[in-house]
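So the structure is just underneath, and the comments pick up after that.
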Amino acid sequence: MTLHWSGTGVEVHKVVVGPYENNVFTVRCTETGEAMLIDAANEHEQLLELCQALGVRHVVETHGHWDHIQAVPAIRDAGYKVGVAADDADMLPSYDYILEDESVIEVGRLRVKTIHNPGHTPGSMSFHVEDTPLLFTGDTLFPGGPGNTFGNDQHFTQIIKSIEDRMFSKFDGDTIVLPGHGDDTTIGAEIPSLQEWIDRGW
């Protein structure tokens, strides 16, 4: 029921939790059964069931905003280690390890690369599953524009630069964008609107 996308050697499972309808994704290596959960957002009982059913070994946070971290204490109490970027670490009630930019998380035979995307928060991270079209963008990139920078011009400049330099310039148009809320999109669907976003300022 939770299967969202599948390809050779990889599955993506998705559940939507909490009052802000957060997307929680699980990336699973079908060859080994090992998996990674992205954003322990809310409804910890459901997420723990998912972790157990899908073989989760890693839990990572796209950023530290409260709606993305509500289940972190329960997840850690159950024995799962939680990773977050250093710049957002103080936003979490607790965590286990720091996610470095351009590092690789091994999930079975899958390699998941980290991408630092400051703007929405200082430590916002995206995750790309190498040799797949999968790009998990948290609250950095949505269908129709960047994540909220709350009227801060410096942060808006940061997020636009990050999207342009580290997403639009690096990934082809067929790359699937899986955001922290709402529906999937693709890089190709969003690139034509970049100047519109810059002009409107959000």
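The values are calculated or read from the model by the stated rules, or taken from the named source; none is laboratory data. Nothing here was measured: the structure is a model prediction, and the numbers come from that model. Here Cβ is always computed from backbone atoms with ideal geometry, including for glycine, and neighbour counts include all displayed protein chains.
The table for this structure:
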{"item": "Residue list for region 158-195, restricted to those being in a helix (DSSP H, G or I), in contact (Cβ under 8 Å) with a residue 24 or more places away in the chain and polar (S, T, N, Q)", "result": "Gln158, Ser162, Ser193"}
{"item": "Counted residues, region 173-202 - those being more than 21 Å from Phe25 (Cβ to Cβ) and of a type in the set (Asp, Glu)", "result": "2"}
{"item": "Residue ID - surrounded by the most Cβ atoms within 10 Å (Cβ to Cβ), chosen from residues in region 77-87 that are over 19 Å from Glu130 (Cβ atoms) and touching an Asp or Glu at 6+ places or on another chain (Cβ under 7 Å)", "result": "Val84"}
{"item": "Of all residues in region 159-181 being within 12 Å of Gly145 (Cα to Cα) and not β-branched (Val, Ile, Thr), the one that is surrounded by the most Cβ atoms within 10 Å (Cβ to Cβ)", "result": "Pro179"}
{"item": "Residue match in region 28-45 (condition: of a type in the set (A, V, I, L, M, F, W, C), out of contact with any Gly (no Cβ under 6 Å at 6 or more places or on another chain) and surrounded by fewer than 19 Cβ atoms within 10 Å (Cβ to Cβ))", "result": "no"}
{"item": "Residue ID - farthest from Leu134 (Cα to Cα), chosen from residues in region 23-57 that are part of a strand (DSSP E or B) and free of Cβ contacts under 8 Å to residues at least 40 places away in the same chain", "result": "Val56"}
{"item": "All positions within region 80-133 that are among the hydrophobic types (A, V, I, L, M, F, W, C) and either modelled with pLDDT under 95 or assigned to a helix (DSSP H, G or I) (or both)", "result": "Ala86, Ala89, Met91"}
{"item": "Residue list for region 59-84, filter: within 13 Å of the chain's Cα centre (by Cα) and either without any contact (Cβ under 8 Å) to a residue 12 or more places away in the chain or within 21 Å of Leu110 (Cα to Cα) (or both)", "result": "Val59, Val60, Glu61, Thr62, Gly83, Val84"}
{"item": "Extreme residue, modelled with the lowest pLDDT, among residues of region 1-17 that are in a loop (DSSP other than H, G, I, E, B) and not β-branched (Val, Ile, Thr)", "result": "Met1"}
{"item": "Among (1) within 17 Å of Leu178 (Cβ to Cβ); (2) assigned to a strand (DSSP E or B); (3) more than 13 Å from the chain's Cα centre (by Cα) - the single one Tyr20 does not satisfy", "result": "(2)"}
{"item": "Total residues in region 140-157, condition among the hydrophobic types (A, V, I, L, M, F, W, C), crowded, with 16+ Cβ neighbours inside 10 Å and not in a strand (DSSP E or B)", "result": "1"}
{"item": "Filtered residue count, region 95-139, keeping only those that are hydroxyl-bearing (Ser, Thr, Tyr), without any contact (Cβ under 8 Å) to a residue 40 or more places away in the chain and surrounded by 20 or more Cβ atoms within 10 Å (Cβ to Cβ)", "result": "1"}
